[in-house]
Ligand SMILES: [Zn+2]
Ligand SMILES: [Zn+2]
């Protein structure tokens, strides 16, 4: 009996060809059922919903095209402090990049094409969409729903396990894209310094560690408060970067809802949540806004309130700036 021809992985005739969908995010070809409709199945590689809709990859995106004005203003104020760069460089030289890297290599799981391949694919999607060199990505066991980017020359991204457990695949892409946004917007050095200062101040151990002199200098020059004040506003720019990757404002909105509502999010009405965001923004005049930022800073939150962030993203979409970028050649 003749040997049965093995089935070709590539569909050969017209009928099966029409049943293959190329993932708009990662480019992987996926075989789908005859009754396939958009978003009804997920890509086998990146796990994001399959759709025939296009996904834009930016070829020459500049940070100034999407940076939030509050971020730009606060960063200019920080950079205007005499001696800020040399003080921060001294601070970071003291901890060193290798210390950050070693601590994650030892305590967290490194994402590779084989280890958590769908997360690796999502990182690749965020990087190719914004035009950023791939950083290392780590997963750290941590019940706090959070993520961060740090480093000096070579940035790394860390996602907490609770975050991945709680978010859908699209929402996880949004968080990874937000972190890649920190790299694209050239935030990494300042963000790392801000986190380090917070950690030291929170630990109340400044006098016990060798860098204490430089910490004292940074605090006395007003660098610490300017830096922390900027860091909260910088988040708004990265939410915009996340939108440029997910290309769906509601993915950002739902991510914020989960950040706001935690495990309770399944019981929250999304439309009402958006309405709350819009109301919040409407009810704050410029003076109250300043006070709000001061509250955010003092509260010790690493990211500004999710309701505020969703209001900001909606406003950016309404302004037409986002659409303009999407249509740019
Ligand atoms: Zn894919
Ligand atoms: Zn961030």
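Readers should treat all values here as calculations from the given coordinates under stated rules, not as data from a laboratory. For clarity, every value in this text was computed on a predicted model and none was experimentally measured. Note that we place each Cβ from the backbone using ideal geometry, even for glycine, and neighbour counts take in every protein chain shown.
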- Message: Please compute the Kirkwood hydrodynamic radius of the range 116-157 from all pairs of different C-alpha atoms, in Å with one decimal.
- Response: 11.4
- Relative contact order of the range 133-258, pairs being alpha-carbon contacts under 8 Å that are 6 or more residues apart, as %: 27
- Computed FRET efficiency, Cβ-Cβ of residue 76 and residue 56, R0 35 Å: what is it to the nearest 0.05? 0.70
- Ranking of 25, 270, 120 by count of other Cβ atoms within 10 Å, fewest first: 270, 120, 25
- Note on the structure: Descending packing, highest mean Cβ count within 10 Å first, for 78-85, 322-329, 180-187, 229-236 is 180-187, 229-236, 78-85, 322-329
- How long is the gain from residue 109 to residue 282 if the chain were fully straight, where each residue apart is worth 0.36 nm and the alpha carbon distance is subtracted? 58.0 nm
- Pulled fully out, how much extra length does the chain show between residue 144 and residue 64, if you take 0.36 nm times their separation in residues and subtract their Cα-Cα distance? 25.6 nm
- Query: In µm²/s, what is D for the range 143-206 at 10 °C and 1.306 mPa s, where D = kT/(6 pi eta Rh) by Stokes-Einstein and Rh is the Kirkwood radius from Cα pairs?
  - Reply: 125
- Note on the structure: The extension gain from residue 325 to residue 134, computed as 0.36 nm times the residue separation minus the Cα-Cα distance, is 66.5 nm
- What percent do you get for the relative contact order of the range 77-180 when only Cα pairs under 8 Å and 6+ apart count? 24
- Item | For a label point 7 Å along the Cα-to-beta-carbon line of residue 35, residues of the range 42-57 with backbone N under 17 Å | 42
